[in-house]
Amino acid sequence: MSTPLLEVNDLKKHFPIRAGFLGGVTGHVYAVDGISFSIAKGETLSLVGESGCGKSTVGKAILRLFDITGGQVMLDGTRIDDMPAATLRPMRRRMQVVFQDPYSSLNPRMRVRDILAEPIRNFGLAKDSADLEKRVGDLMDRVRLPRDAVGRWPHEFSGGQRQRIGIARALAAEPDLIICDEAVSALDVSVKAQIVNLLQDLQKDLGLALLFISHDLAIVEHMTHRVAVMYLGKIVEVAPKRELFAAPKHPYTEALLSAVPVPEPGAQRERVILKGDVPSPINPPKGCRFHTRCPYAFDRCRQDEPALRQTEPGHWSACHLHDRPAAENPLAGAKGAALIAKH
């Protein structure tokens, strides 16, 4: 079996809460609390969940934008979470990011040519100035922007065009993995589709792996290979796209999918309405973290935290329902499939 490009093992990130004049630690925000997943070369894994569940924190932890509390991050078989800065530098080139806001992520005082040339210079990828100019022009071609636009400033572009520049900047370092942190959520619907299609084409042409962080399941369904569902700092389900959308194995995933608009006019779908609010990540519930909102919760859910385990080949779920007989499991059989309209 080939080594995954990215492997995350029991990743934890707890942010301290400080109070008082001396800034003593009074508690922690359990933003990410022990998650594991992997991404193969050329694969797209989508990380989905409600706002505040820890998705973006996972992306920043992988990129080493801050130190992690526990766990391991492996890039192509090499552990990078504890790597010294000097050793990490060449590894950083292999991991790039496209941020949510295409305007604030670009330096307004730099022309597009300089924005794209910066990572090329930083990693010493160009032989000379002529090679640098050629690489910048090729990047503009890659993201389908005119070459003569390199002399313009970020504010002179539309939101979708700015996001294309952000993608070009990520490509400039010739990465193996791009983390897309809500990369299309700030764009209009028609522009979203263009950017998603662009990312898919780039993946095919360059063999890129993508970690696509999003809360938009309609977009996720269109572009991903596998889906990992997060809730309150934990991954509760991981599965190939078709299997997860056809028959979810966790009540939280079931509820998320029931809220996705049905593309077929007149099609019916049973809506699952979750009660209550998401608990605080400062004091997460004992047992299953979803039990306070789960319509199927029973006594064991309130006491024991379920492990993420394989329920079907390639399909993993963290739910005690799968220890019960099929007749007592509301997620068994065809019920999940009935939730999703025909693709």
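No value in this document is a laboratory result; all are computed from the given coordinates. Only a predicted model underlies this, so the values are computations on that prediction, with no experimental measurement involved. In this analysis, Cβ positions are derived from the backbone assuming ideal geometry, glycine residues included, and neighbour counts consider all displayed protein chains.
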TODO: Would you please state which residues of segment 35-68 a label at Ser2 would reach in this model, taking the label point 7 Å out along Cα→Cβ and a backbone N cut-off of under 19 Å?
DONE: 37-46
Task: Square roots of 5 times each gyration tensor eigenvalue, C-alpha, the chain, largest first, Å - done: 37, 25, 19
TODO: Find the relative contact order for segment 43-158 and round it to a whole percent, using C-alpha pairs within less than 8 Å whose residues are 6+ positions apart.
DONE: 20 percent
Task: Gyration tensor verdict on segment 99-201 (Cα atoms; rounded if a/c is under 1.5, prolate if a/b is larger than b/c, oblate otherwise) - done: prolate
